[in-house]
1. Given the conditions (1) free of Cβ contacts under 8 Å to residues at least 40 places away in the same chain; (2) assigned to a helix (DSSP H, G or I), report the number of the one that residue 32 does not fulfil.
2. Can you find even one residue in segment 66-74 that is among the small types (Gly, Ala, Ser) and part of a helix (DSSP H, G or I)?
3. Across segment 47-70, which residue is farthest from residue 12 (Cα to Cα) among those that are at pLDDT 90 or above and among the hydroxyl-bearing types (Ser, Thr, Tyr)?
4. I'd like to know if segment 21-35 contains one or more residues that are more than 19 Å from residue 93 (Cβ to Cβ) and exposed (fewer than 14 other Cβ atoms within 10 Å of the Cβ).
5. Being outside any strand (DSSP E or B) and of a type in the set (Phe, Trp, Tyr) is the filter here; which residues of segment 35-65 pass it?
6. Modelled with pLDDT under 90, over 11 Å from the mean Cα position of the chain (by Cα) and part of a helix (DSSP H, G or I) - does that describe any residue in segment 15-27?
7. Exactly one of these conditions fails for residue 58: (1) surrounded by fewer than 14 Cβ atoms within 10 Å (Cβ to Cβ); (2) over 13 Å from the mean Cα position of the chain (by Cα). Give me its number.
8. Given the residues 40, 64, which is the only one that is touching a Gly at 6+ places or on another chain (Cβ under 9 Å), surrounded by fewer than 14 Cβ atoms within 10 Å (Cβ to Cβ) and not aliphatic (A, V, I, L, M)?
Amino acid sequence: MPISGVHTMVQALKTIIGTEKFVIGSDRVLKGVRKGLVKEVFVASNAPELIRARLTYYQKIDAELTVSLLSQNSKELALLCKKPFNIVMAGLFK
């Protein structure tokens, strides 16, 4: 992915952080994906393979689901979200 694509993805993530449609945490995001409530998922680069496999499966079922694999790891994603804990996954509700 080109650097400009990564930059725009991070900028998009920064703009939606703090909105009421933004959710943090793999459990909450996956629950929303299963119910069809999430339209976009942001995944850290060091996310466990099991979580990535589940997202790939759900993406095959729901064509509207967008999964963005970030180049940042979970610590850097936490810094972007201004949280003191690691974040593996974040999502945006419909």
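1. Going through the list (1) free of Cβ contacts under 8 Å to residues at least 40 places away in the same chain; (2) assigned to a helix (DSSP H, G or I), residue 32 breaks only (1).
2. Let us first name the residues in segment 66-74 that are among the small types (Gly, Ala, Ser), namely 68, 71, 74.
Applying the additional criterion that residues be part of a helix (DSSP H, G or I) yields 74.
Yes, segment 66-74 has at least one match.
3. Residue satisfying both the conditions and the ranking: 57.
4. no
5. First, the residues of segment 35-65 that are outside any strand (DSSP E or B): 35-37, 44-65.
Those that are outside any strand (DSSP E or B) and of a type in the set (Phe, Trp, Tyr): 57, 58.
6. Within segment 15-27, one or more residues are modelled with pLDDT under 90, over 11 Å from the mean Cα position of the chain (by Cα) and part of a helix (DSSP H, G or I).
7. Condition not satisfied by residue 58: (1).
8. Working: 40 fails: surrounded by fewer than 14 Cβ atoms within 10 Å (Cβ to Cβ).
Only one candidate passes the filter, namely 64.
The values are calculated or read from the model by the stated rules, or taken from the named source; none is laboratory data. Quantities reported herein were computed from a predicted structural model and do not represent experimental measurements. A quick note on method: Cβ atoms are made from the backbone with ideal geometry, for glycine too, and the neighbour counts reach across all protein chains shown.
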